[in-house]
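Where a number appears in this text, it was derived from the coordinates with a stated rule and is not lab data. Source: prediction; values computed, not measured. Note that each Cβ is placed from the backbone with ideal geometry, even for glycine, and that neighbours are counted across all protein chains shown.
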Amino acid sequence: MKVLGVDASPRRNANTETLLDCALKGARGKGVRTEKVVLNLLRIKPCQACARCSETAVCYIKDDMQALLKKLKTCDALIIASPVYFGTVTAQLKIMIDRCQPAWIEKYILGKRFPKKRRGMFISVSNYNNKNFFRNSKEIISILFAVLGIGLSSELCIPCLENRDDVRNNLLLRKKAFQRGQSLVKSIRPSMRIKE
Ligand SMILES: Cc1cc2nc3c(=O)[nH]c(=O)nc-3n(C[C@H](O)[C@H](O)[C@H](O)COP(=O)(O)O)c2cc1C
């Protein structure tokens, strides 16, 4: 069983990545393998809307997205973590999501289904004390999860974070993320047992 974590923040080891690391640690504590992908380190070109994937469900752009899409499609659980930028997810994450268009084609045009039950979690942080800033991101993530055949396990959206160490200095938040990672694994365990 594998949990994939996608870090969409360009700021390394800051609030988003710290929460993601805690959630992945919680998952590992439940005996699963984890992998973290830092989007800002990858070379992913934005979707060119060429429609070449519309019949084959294969993107013609050869970059780091090929390997990442495979990971997104095969993991048992997925954690997406992004700060709020201008009321939505970061550009790094939006580029990744748009490049999931081949998965959209597979599901909605070619009628393919993911064979196993998968679960996902969304982590987000923002500066202002205004929960509305998470609205767009939550909507976008729900669309992504639907395309990938992933059921939403939980959302952890934390406002009022600005300094890069805010989460690192807050044991309660780190504990919360850790526990959510554990719960994510618990939410997929029953279905995995049936399959194994
Ligand atoms: C370009 C940019 C846009 C941002 N837009 C928003 C915003 O719309 N609303 C908000 O509350 N915070 C906004 N923020 C603040 C970040 O969400 C916040 O500082 C967060 O902690 C950054 O995550 P990180 O610590 O993982 O880098 C923005 C920050 C940047 C750099």
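Secondary structure note: in the chain, about 5% of the DSSP beta bridges are antiparallel. When the chain is treated as a Gaussian network with alpha carbon springs shorter than 10 Å, the biggest mean-square fluctuation among R119, R168, R180 belongs to R168.
The helix-only estimate of mean residue ellipticity at 222 nm for the chain, built from DSSP H runs of length n ≥ 4 each weighted as -39500 (n - 2.57), is -12500 deg cm²/dmol after division by the residue total. Shown for the stretch 5-63 is the translational diffusion coefficient from the Stokes-Einstein equation, using the Kirkwood radius over Cα pairs, a temperature of 4 °C and a viscosity of 1.567 mPa s: 93 µm²/s. Give the separation of the Cα centroids, the stretch 152-189 to the stretch 83-141, in Å. Their Cα centres are 17 Å away from one another. Its residue count N sets the reference 2.2 N^0.38 Å, and the alpha-carbon radius of gyration of the chain equals 1.00 times that reference. Restricting the calculation to alpha carbons of the stretch 47-92 gives Rg and Dmax of 13.5, 35 angstrom. Largest GNM mean-square fluctuation across A81, A23, A146, computed for the chain with C-alpha springs under 10 Å, falls on A146. Using only alpha carbons, the stretch 114-196 has a radius of gyration to Kirkwood radius ratio (Rg to Rh) of 1.04. Taking each residue as 0.36 nm, the span from A91 to L110 lengthens on full extension beyond its C-alpha to C-alpha distance by 4.0 nm. The string of couplings for the stretch 55-67 from the Karplus curve (6.51, -1.76, 1.60, θ = phi - 60°) is 9, 9, 6, 10, 7, 7, 6, 9, 8, 6, 5, 4, 5 Hz, one whole number per residue in order, with x for Gly and Pro.
Take 12-22, 148-158 and order them by the average number of nearby Cβ atoms within 10 Å per residue, most first; the result is 12-22, 148-158. Taking the chain as a Gaussian network of alpha-carbon nodes connected by springs under 10 Å, the highest mean-square fluctuation of the residues A177, A103, A49 belongs to A49. Distance cut-off 20 Å, Cα to Cα: go down the list K2/K94; K36/K71; K30/K117; K116/K176; K25/K138 and report the pairs above it. Distance filter (> 20 Å) returns K2/K94; K116/K176; K25/K138. Whole-Hz Karplus values for the stretch 149-159 come out as x, 10, x, 6, 8, 6, 10, 10, 10, 10, x Hz, taken residue by residue from phi with 6.51 cos²θ - 1.76 cosθ + 1.60 and θ = phi - 60°; glycine and proline positions read x.
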